[in-house]
Amino acid sequence: MKAPARAHPLWIAYIVHRLSGVALAAFLPLHFWVLAMAVSDPGRLDGFLALTEATLVKVAEFGLVFLLAVHMFGGLRVLALEWLPWRPAQKSLAAGAAAISFLIAGAFFLQAV
Amino acid sequence: MPSDVLHVTIDRANGPESFEVPAYDNQTVLDVVSWVQQNADPTLSYRFACRVGMCGSCAMMVNGVPRWTCRTHVSKVTDGAAIHVGPLRNLPIIKDLAVDMDPFFDKWVAAEGVHHGGLTRDDSIAVVDEGSATRVEANAGIECINCSVCYAACDTVAGNADYLGPAALQRAWTLLNDAKDEGSVAILDAVSGDGGCHNCHSMGSCTLYCPNELDPMSAIAGLKRETAKNFFWRGR
Amino acid sequence: MLGLRLYMAQRITALLMGPFVLGHIAVMIYAIQGGLSAAEILGRTQGSVLWFLFYGLFVVAVSIHGAIGLRVIAHEWGRVQGRALDVLMWGMGLAFFALGARAVWAVTFAGVVT
């Protein structure tokens, strides 16, 4: 009862969407918690923000922006597939979504460096 | 004359079992399974009927992919000279390669995959416009033979026991677009429930593996579109 | 597990978040130039009704969207079902909303009101 071969573009689009969603949901509470320090403990917030100067954290930020972008564009692809009259070019759309995400994350990374 | 030997592994109740089967130039996976049953182990259970891809009863997992074994040539799927055959995924196993298809057919009915007629024998036959957009949609899915290959391919079915699955939902979409069927309200309600079309993640394994080259994923997208439209305009 | 109403709630919040996400990414790219500081963030957002509405609605949408998404995954991959699944979904959604609302309030009106 082995699961069927999964290495096809739409299955990969599905798993990327799901895993990026889980990762974003895991990051969100931390994001909110740190931001709330703006009033309660501004010094501590600045301590966290200073961390963003480290290269490793910049790479992690790049990852987060990529996850956000890929989740949004992948999600728009799903919405287009579900609510707009069907078009067969699904695979190209999925690839395009990933490409745009990478562009945006790259732009962010270049600004951050 | 056998030119070589195939190394066949079959998943059975007590785990995988290996057989050496003579290889021929022209041989389907069903031929291989039948050879094992007739020459090596008569207790091997499996199911087939027509042997020509019309009845939909011989589907099994072949090297991890759900296929009609009768229409799958060994040369197309062998990994070296090895083949792994198992019972269809996502369905209860009765014995060896025979699965219980009841959940599959029950969901077919639960998705309102039945005829909803409004005419009697005294009425004239409903006129079908072959060129209309709805007829084109209905025709697209009408060749389904209930083999359950898409159902076995679907990871959403694997994780969500109540999900009606690609075949049943595709039939619902076909009937929704059929001018002769008058069950549109019942169909839309049936596919909007807890196990309905909205559980689909459009991963497309159904469409990829359908031996008849049908497109259940697009049919399910059509159901989502219709139910969403109804939600916006009629609040249901 | 996922009926029409939850599906619609998730898809509508998804559509709503499209502009929010693009705006958020644009702000990030703009704001990160020259480093970040608490003062800089507050200088931009404090007392602003517009930022309060932008991020306030964003938080509401993401709480609904995220909670329904996690519901699906908990069912398919974690075998959670029935009442437990509803409790999990509502718990996640309310937690997202509480944390998010607290953060939005902190960077917009907390310092202004008190």
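Within segment B:41-75, no residue satisfies the criterion of being in a helix (DSSP H, G or I) and under 12 Å from B:Ile10 (Cα atoms). For segment B:207-224, a residue qualifies if it is touching a residue at least 60 places away in the same chain (Cβ under 8 Å), assigned to a helix (DSSP H, G or I) and more than 9 Å from chain A (Cβ to nearest Cβ), and the qualifying residues are B:Pro216, B:Ala219. Among the residues of segment C:77-113, those identified as surrounded by fewer than 22 Cβ atoms within 10 Å (Cβ to Cβ), within 22 Å of A:His17 (Cα to Cα) and facing another protein chain (nearest Cβ under 9 Å) are C:Trp77, C:Arg79, C:Met92. When the residues of segment C:10-30 are narrowed to those that are in contact (Cβ under 8 Å) with a residue 12 or more places away in the chain and surrounded by 15 or more Cβ atoms within 10 Å (Cβ to Cβ), which ends up farthest from C:Val72 (Cα to Cα)? In this case the residue turns out to be C:His24.
Residues that are at pLDDT 95 or above and acidic (Asp, Glu) within segment B:179-193 comprise just one, B:Asp189. The numbered conditions (1) closer than 30 Å to B:Gly183 by Cα; (2) surrounded by fewer than 16 Cβ atoms within 10 Å (Cβ to Cβ); (3) not assigned by TED's automatic domain parsing to the domain that holds B:Ala186 are all true for B:Asp79 except (1).
Condition check ((1) more than 8 Å from every other protein chain (Cβ to nearest Cβ); (2) at negative phi; (3) surrounded by fewer than 17 Cβ atoms within 10 Å (Cβ to Cβ)) across all residues:
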position: A:Arg6; (1), (2), (3): no, yes, yes
position: A:Val39; (1), (2), (3): no, yes, no
position: A:Thr55; (1), (2), (3): yes, yes, yes
position: A:Gln90; (1), (2), (3): no, yes, no
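Close Cβ contacts (under 8 Å, 6 or more residues apart or on different chains) running from residues in segment C:31-52 that are within 10 Å of another protein chain (Cβ to nearest Cβ) and free of Cβ contacts under 8 Å to residues at least 12 places away in the same chain to residues that are in a loop (DSSP other than H, G, I, E, B) and surrounded by fewer than 14 Cβ atoms within 10 Å (Cβ to Cβ) comprise C:Gly35/A:Glu53.
Being among the polar types (S, T, N, Q) and not in a loop (DSSP other than H, G, I, E, B) is a description that does not apply to B:Asn146.
Taking A:Ala95, is it of a type outside the set (S, T, N, Q), more than 16 Å from the chain's Cα centre (by Cα) and either assigned to a helix (DSSP H, G or I) or within 14 Å of chain B (Cβ to nearest Cβ) (or both)? In short, no.
For segment C:1-31, a residue qualifies if it is outside any helix (DSSP H, G or I) and touching a Ser or Thr at 6+ places or on another chain (Cβ under 8 Å), and exactly one does: C:Gly3.
For C:Ile64, the stated conditions hold: it is surrounded by 14 or more Cβ atoms within 10 Å (Cβ to Cβ), away from chain B (no Cβ under 14 Å), within 30 Å of B:Ile187 (Cα to Cα) and among the aliphatic types (A, V, I, L, M).
Yes or no: B:Lys180 away from chain A (no Cβ under 12 Å), among the basic types (Lys, Arg) and surrounded by fewer than 22 Cβ atoms within 10 Å (Cβ to Cβ)? Against the criterion (away from chain A (no Cβ under 12 Å), among the basic types (Lys, Arg) and surrounded by fewer than 22 Cβ atoms within 10 Å (Cβ to Cβ)), B:Lys180 qualifies.
Among the residues of segment B:149-160, the ones that are in a loop (DSSP other than H, G, I, E, B) and either modelled with pLDDT under 95 or facing another protein chain (nearest Cβ under 7 Å) (or both) come to 1 in all. Candidates are the residues of segment B:61-109 that are farther than 24 Å from B:Leu208 by Cα and in contact with a Leu (Cβ under 6 Å, 6 or more places away or on another chain); the one that is farthest from the other protein chains (Cβ to nearest Cβ) is B:Ala81. Count, please, the residues in segment A:57-83 that happen to be among the charged types (D, E, K, R) and within 14 Å of chain B (Cβ to nearest Cβ). Residues flagged as among the charged types (D, E, K, R) and within 14 Å of chain B (Cβ to nearest Cβ) within segment A:57-83 amount to 2.
Considering only residues that are modelled with pLDDT under 80 and in a helix (DSSP H, G or I), which ones fall in segment A:59-92? Let's see the steps before the verdict.
So the first thing to find is which residues in segment A:59-92 are modelled with pLDDT under 80, and the list is A:85-92.
Those that are modelled with pLDDT under 80 and in a helix (DSSP H, G or I): A:Gln90, A:Lys91, A:Ser92.
The values are calculated or read from the model by the stated rules, or taken from the named source; none is laboratory data. This is a predicted model, so every value here is computed, not measured. Ideal geometry is used to build each Cβ from the backbone, glycine not excepted, and the neighbour counts take in all protein chains shown.
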